[in-house]
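Peer 1: The structure under discussion is supplied below as structure tokens; questions concerning it will follow.
The values are calculated or read from the model by the stated rules, or taken from the named source; none is laboratory data. The structure presented is a predicted model; accordingly, all values stated were derived computationally and were not measured. Virtual Cβ from ideal backbone geometry, glycine too; neighbours counted across all protein chains shown.
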Amino acid sequence: MKIVSKLPDVGTTIFSVMSNMATDYDAINLSQGYPDFGVPTELAERLNHYTVSGYNQYPPMHGVAYLREQIARKVNDLYAVSADVNSEITITSGATEALFVAINTLVGNGDEVIVFDPAFDSYDPAIKLAGGKAIHIPLSSRNFNIDWERVRETITPRTKAIIINSPHNPTGSVISSTDLDELAELACAKDIVVISDEVYEHMVFDGRQQHTIAAHPGLRDRSFVISSFGKTYHATGWKVGYCIAAPALTEEFRKVHQFVTFTTHTPTQWAIADYMDHHPEHHKSLPAFYQAKRDQFAQALAEVGFGLVPSKGTYFQLATYDALSDLPDKEFVTLLTQKVRVAAIPVSVFYDVPPEIRLVRFCFAKENGTLIEAARRLQSHFS
């Protein structure tokens, strides 16, 4: 039997490749973006409580009401955004599902979606599976900012959507309010929908603010805003996310969602809602928590000889290695993993057309001891 692949150019994701290599060589895994520390103890206890208490059957398709209520409370508290619990908030099985559903809600054969490189690897395949085409625009090479004039020149009558990611994976850049004004002007003038990937919304550093699409008056009604609890609660394997969108968009979103996962793990939804209700301070403490780790690790990288600008958001740090090696980035991370026993991600894999740069991404969502040992290994090899 012959199967014609719908994604002929897609292989095993780089995150799996590097994590498997890290395991094979007993390397410290700073490649894939997950913590090596546990979820909050009380959150784990809440999950056990709801599991043994019988909260194990199908919840409503659009999510447990208690959790949707807590999301509405959070976005109102942080961003002064009012989101209707019943018609504007949908719980999904992770942000990846929400992104896939949002794209498939909008995109049909021949439609175009603008994405900004370096771009997270799930965008392009979802666009292709919907019958569309991803139009890649590189961010500026120095500060990873958006060239809005180039965006204007790239928009065509087929442009259906623009995907924004802030705080940005892999670069750690954070979009500004001025950027949102530019985006709103374009989106309204050209009748374009915005898909905003905001899974690292609670990890913004140095006193900056997260500028959510949901709070912009010109974008609120033409956007899907997507976030995730996995990053916020150190529980990436729980795969619970959500999408906020205006009622008309949400109605169409849910039509697709119900035939992708239908719903999401019930006791986890209840546990997260309970924890949010009683510990709203958790997400507010994350900027300081992760900034301390960023600063510690960034200083260590600089002492080794890496070049870097401290990440503005996320729990990733980019670093150039021109002073350390002439190897291409894929070969360099292989060297790091197999010889130094510290795994990282080559940034070229996030580009449609990779530029001539030597740049890697490290994840600093690790115990301090893990980061110290990784720095020691790097220092020992390159000194």
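Peer 1: Please verify whether the stretch 232-241 includes one or more residues that are surrounded by fewer than 23 Cβ atoms within 10 Å (Cβ to Cβ), modelled with pLDDT of 95 or more and on the phi > 0 side of the Ramachandran plot.
Peer 2: The answer is yes; a qualifying residue exists.
Peer 1: Restricting attention to the stretch 177-202, report how many residues are more than 23 Å from SER228 (Cα to Cα) and not in a helix (DSSP H, G or I).
Peer 2: Of the residues in the stretch 177-202, 2 are more than 23 Å from SER228 (Cα to Cα) and not in a helix (DSSP H, G or I).
Peer 1: Give PRO8, PRO35, PRO40 a once-over and let me know the one that is surrounded by fewer than 16 Cβ atoms within 10 Å (Cβ to Cβ) and within 22 Å of the chain's Cα centre (by Cα).
Peer 2: So the residue among PRO8, PRO35, PRO40 that is surrounded by fewer than 16 Cβ atoms within 10 Å (Cβ to Cβ) and within 22 Å of the chain's Cα centre (by Cα) is PRO40.
Peer 1: Return the only residue of ILE226, ILE244, ILE195 being surrounded by 24 or more Cβ atoms within 10 Å (Cβ to Cβ) and more than 15 Å from the chain's Cα centre (by Cα).
Peer 2: Going through ILE226, ILE244, ILE195 in turn, just one is surrounded by 24 or more Cβ atoms within 10 Å (Cβ to Cβ) and more than 15 Å from the chain's Cα centre (by Cα): ILE244.
Peer 1: Look through GLY54, GLY94, GLY63 and report the one residue that is buried (at least 20 other Cβ atoms within 10 Å of the Cβ), more than 19 Å from the chain's Cα centre (by Cα) and at positive phi.
Peer 2: GLY63
Peer 1: Looking at PHE297, PHE289, PHE253, can you tell me which residue is in contact with a helix residue (DSSP H, G or I) (Cβ under 8 Å, 6 or more places away or on another chain), among the hydrophobic types (A, V, I, L, M, F, W, C), outside the structural domain of TYR66 (by TED's automatic domain parsing) and on the phi < 0 side of the Ramachandran plot?
Peer 2: The unique qualifying residue is PHE297.
Peer 1: Let me ask another. Could you please find all residues in the stretch 163-191 being of a type in the set (Val, Ile, Thr) and buried (at least 19 other Cβ atoms within 10 Å of the Cβ)?
Peer 2: ILE163, ILE164, THR171, VAL174, ILE175
Peer 1: Can you tell me how many residues in the stretch 75-104 are of a type outside the set (A, V, I, L, M, F, W, C), touching a residue at least 60 places away in the same chain (Cβ under 8 Å), in a helix (DSSP H, G or I) and more than 30 Å from PRO125 (Cβ to Cβ)?
Peer 2: So the answer is 2.
Peer 1: Counting just the residues of the stretch 247-270 that are aromatic (Phe, Trp, Tyr) and over 12 Å from THR92 (Cβ atoms), which one comes out surrounded by the fewest Cβ atoms within 10 Å (Cβ to Cβ)?
Peer 2: Here the residue is PHE259.
Peer 1: Right, ALA189: more than 22 Å from VAL115 (Cα to Cα) and not assigned by TED's automatic domain parsing to the domain that holds LYS293 or not?
Peer 2: No.
Peer 1: Give just the number: which of (1) more than 26 Å from GLY132 (Cα to Cα); (2) of a type in the set (A, V, I, L, M, F, W, C); (3) buried (at least 19 other Cβ atoms within 10 Å of the Cβ) does VAL101 not satisfy?
Peer 2: If we test VAL101 against (1) more than 26 Å from GLY132 (Cα to Cα); (2) of a type in the set (A, V, I, L, M, F, W, C); (3) buried (at least 19 other Cβ atoms within 10 Å of the Cβ), just (1) comes out false.
Peer 1: Mind listing just one residue for me: the one in the stretch 138-171 that is among the aliphatic types (A, V, I, L, M) and in a loop (DSSP other than H, G, I, E, B) and, of those, farthest from the chain's Cα centre (by Cα)?
Peer 2: So the residue we want is ILE155.
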